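This report concerns only the one structure given below.
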Amino acid sequence: MVPFHEHLLDRVRPIWDAILHHRFLAAVADNSIDRQTFVTWMQQDYLFVREAVPLMALTVSKAPVSLRRFLSEALIGLHNELDLFEALAAEHGVTFHAVEMAPTCHAYHTFLLATGHTCSFPEKLTTLYGAEKAYLDAWVWVKTHQRAASPWQRFIDHWSSPGFAGYVDTLARHLDDAAARCSDDERARMETLFRDVARYEYRFWEMAATGERWDA
Ligand code: MP5
């Protein structure tokens, strides 16, 4: 039988392919990315990761005893990631001060927060796996298509590292275990959540590429 995480990925293949073909990632890989476009992504992702901390805490709070440590370490990993954002911001003269979430970042964050507050643990694990896997695949794509080092190399190296890939693989295994104990209805809800995460991941790159803003 196909593992559940692979089944989820198979069902969203067109969206996943669109993510991996996004012009933002191509421009990072060939170093043609416009500085302001990259900074927009960086500022928005900083807010996204910062607000993922309380979200991860909700996930830890509903996790089976056996997964508490793994997910608590993932929560600390978010703080380490924020340090990375702050270090690169200092190096590149980028500020996070007074930056607001753009519409897509706000919508994605709010959607995840809603799942954090209302969904079951397997459903929360589904959204976490989706978001992490989307970043792993996107940044591995960049890494493997680079011809020269990027000014933003530390971001590329972070999400394409063997350590991050191992974390995402472990999430996939836990998701498969959890799904094996879920009802058909719950698994169907997990499929819908995974599709929504994939759609938002695409929109997130689009938001950065277009410099999306609120109208007023
Ligand atoms: C991640 C992220 C990966 N930073 N931003 C988006 C929009 N999706 C996924 O999560 P993490 O916790 O930074 O590895």
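Please tell me if ASP196 is without any contact (Cβ under 8 Å) to a residue 60 or more places away in the chain and of a type in the set (Asp, Glu). So ASP196 does not fit the description; no. Based on what the data block shows, is PRO64 modelled with pLDDT of 95 or more, more than 14 Å from the ligand (Cβ to nearest atom) and not β-branched (Val, Ile, Thr)? Yes. Would you confirm whether any residue within the stretch 13-35 is surrounded by 13 or more Cβ atoms within 10 Å (Cβ to Cβ), of a type in the set (Val, Ile, Thr) and over 17 Å from TRP159 (Cα atoms)? Scanning the stretch 13-35, I find at least one residue that is surrounded by 13 or more Cβ atoms within 10 Å (Cβ to Cβ), of a type in the set (Val, Ile, Thr) and over 17 Å from TRP159 (Cα atoms), so the answer is yes. A Cβ distance below 8 Å, combined with a sequence gap of six or more or placement on separate chains, defines the contacts here; from the stretch 157-175, residues that are within 28 Å of GLU186 (Cβ to Cβ) reach residues that are among the β-branched types (Val, Ile, Thr) and modelled with pLDDT of 95 or more in the pairs ALA165/VAL140; LEU175/THR126. In the set (1) surrounded by fewer than 18 Cβ atoms within 10 Å (Cβ to Cβ); (2) closer than 25 Å to THR126 by Cα, the condition left unmet by LEU8 is number (1).
The values are calculated or read from the model by the stated rules, or taken from the named source; none is laboratory data. Everything numeric in this text was worked out from a predicted model, so none of it was measured. Neighbour counts are summed over all protein chains in view; Cβ atoms, including those assigned to glycine, are modelled from backbone coordinates with ideal geometry.
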